[in-house]
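The block underneath contains the structure these notes are about, expressed in structure tokens.
What follows is calculated from the coordinates using simple rules that are stated; it is not laboratory data. If you're wondering where the values come from, they're calculated on a predicted model, not measured in any experiment. Glycine also receives a Cβ, built like all others from the backbone with ideal geometry; neighbour counts cover every protein chain displayed.
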Amino acid sequence: MRQQKHLCGIIRRSALLLLSTAAIAFPAEIISHCVWLYFRFSLSYRDIEEMMSVRGITLTYETIRTWCLKFGQTYANNLRRRRPRPGDRWHLDEVFTTINGRIHYLWRAVDQEGDVLDILVQSRRNKKAAKKFTRRAAEGPAICAAGDHHRSVQKLQRGEG
């Protein structure tokens, strides 16, 4: 709820900036709620139109589409900016898992908080792909390679496979 209120303020400010000369038929709260519903729950424009009509607000799906095109990037930028940042230390997990009766290799880069930074699933061990995955995980924002203690990482760094 708090996130929605913050989003409402952002969209309200951008609505005033973008639509200051045009006649606004709907309050910023309605616009922000429709944009939030579309991006948060992956609903269709017609689903949102129906939900709003149940609440007594008559609008078309085309109006909702226009709002999402105008204010969607602002919403996405806000979510990206407030996304939790990964820790400065991470390690590499290798897990053997069965998918449809076949063994697959699941590689995960996990930070010190236990948040998964990246995932790679392979049907067989692939040294080149594992090296690429390790490099990509190490190049992430605010991440240093503190996962060197893992045996698989040490083998990859030595060139063994």
- Query: Among the trypsin sites (Lys or Arg not before Pro) within the range 55-132, which fall in a DSSP loop and have no more than 11 other Cβ atoms within 10 Å of their own Cβ?
  - Reply: Arg55, Arg124
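Once you list every other residue whose beta carbon is under 12 Å from the beta carbon of Gly114, what net charge do they have if Lys and Arg are +1 and Asp and Glu are -1? Before the final figure, lay out each step's value.
Values: positive: Arg89, Arg108; negative: Asp93, Asp111, Glu113, Asp115.
Once all neighbours under 12 Å are counted, the net charge is -2.
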- Ranked list, fewest to most other Cβ atoms within 10 Å of each Cβ, for His104, His91, His33: His104, His91, His33
- Identify all aspartates and glutamates with a Cα-Cα distance to Lys132 below 16 Å; exclude those on the same chain that are fewer than 8 residues away in sequence. Asp93, Glu94, Asp118, Asp148, Glu160
